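Below is one structure, written out as structure tokens; the observations come after it.
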Amino acid sequence: MDKDNMENINNENIGKENMETGNIENLDNENIEIEKKYMIKKLPENLEHYPCKIIEQAYLNTAPVVRVRKSNDTYYLTYKGSGLMAREEYNLPLDEASYRHLLTKADGNIISKKRYVIPIEKPQFQKNFVPAIEPALSIELDVFAPPFAPLVMAEVEFPSVKMADAFIPPAWFDEEVTNNPEYHNSVMSRKQF
């Protein structure tokens, strides 16, 4: 085996070990999604002034997560690795016909929701964390349609685990549910009504 192949195998093993131990800081963040999820106390004012996407999604598999999603007029097949706050994520574009075909193969409920994208003007962090540059963070506020209504959840994505850990949520956020699998859409899709 040549040196380059051995280095690739070692890098893959380090990446796998980092994913298993939760040490995401040392991984290439290009395909790592780092996000926190929250319940909310109340909807923010002037919600209709923010950009909104109509999302429909279903799950072909839940371990690992394989999802099909329609977001307005864009279609994706998504793979998500294991983990709760930080995990691998790969999105592949689909055409509408492929999306519709895969949708018929999905198990469980189809999840429909409106997603509002709300910029965080001045994100707040714990005093022991000072970002190198002020991050451009946004809240993705999901307002679920039946049968999940009146559920509303907020998600915030981060460029690093350290930043996610130091984040102080806005006052209108409620309980953090990042580490509660019951609030992951893949688990929700299996809920019986």
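Since every read-out is calculated from the coordinates, none of them should be taken as a lab result. The model shown is predicted, which means the values in this text are computed figures rather than measured ones. Note that we place each Cβ from the backbone using ideal geometry, even for glycine, and neighbour counts take in every protein chain shown.
Estimated from the Cβ-Cβ distance and a Förster radius of 30 angstrom, the FRET efficiency linking N128 and Y79 is about 0.30. If you take the Cα centroid of region 50-121 and the Cα centroid of region 137-173, the two points sit 16 Å apart. Of I55, I120, the sequence from fewest to most neighbouring Cβ atoms within 10 angstrom is I120, I55. Short-range pairs are left out: with C-alpha atoms under 8 Å and at least six residues apart, the relative contact order of region 3-188 is 27 percent. Using the Cβ-Cβ distance between N91 and E45 with R0 = 25 Å, the FRET efficiency computed as 1/(1 + (r/R0)^6) comes to roughly 0.20. Among E155, E45, sorting on how many other beta-carbon atoms sit within 10 Å of each Cβ, with the fewest leading, yields E45, E155.
3J(HN,Hα) along region 38-55: 9, 7, 10, 7, 7, 6, x, 5, 6, 4, 5, 7, 9, x, 9, 10, 9, 10 Hz, from the Karplus curve 6.51 cos²θ - 1.76 cosθ + 1.60 with θ = phi - 60°, whole Hz, x for Gly and Pro. Projection of the Cα convex hull of region 3-188, averaged over all directions and equal to a quarter of that hull's surface, yields 12.7 nm². Taking amide H as placed 1.01 Å from N in the peptide plane, the amide H of G81 sits under 5 Å from that of E88, E89, each at least 5 places away or on another chain.
Label sites at K162 and N180, each approximated as a point 7 angstrom past Cα along Cα to Cβ, lie 3.0 nm apart.
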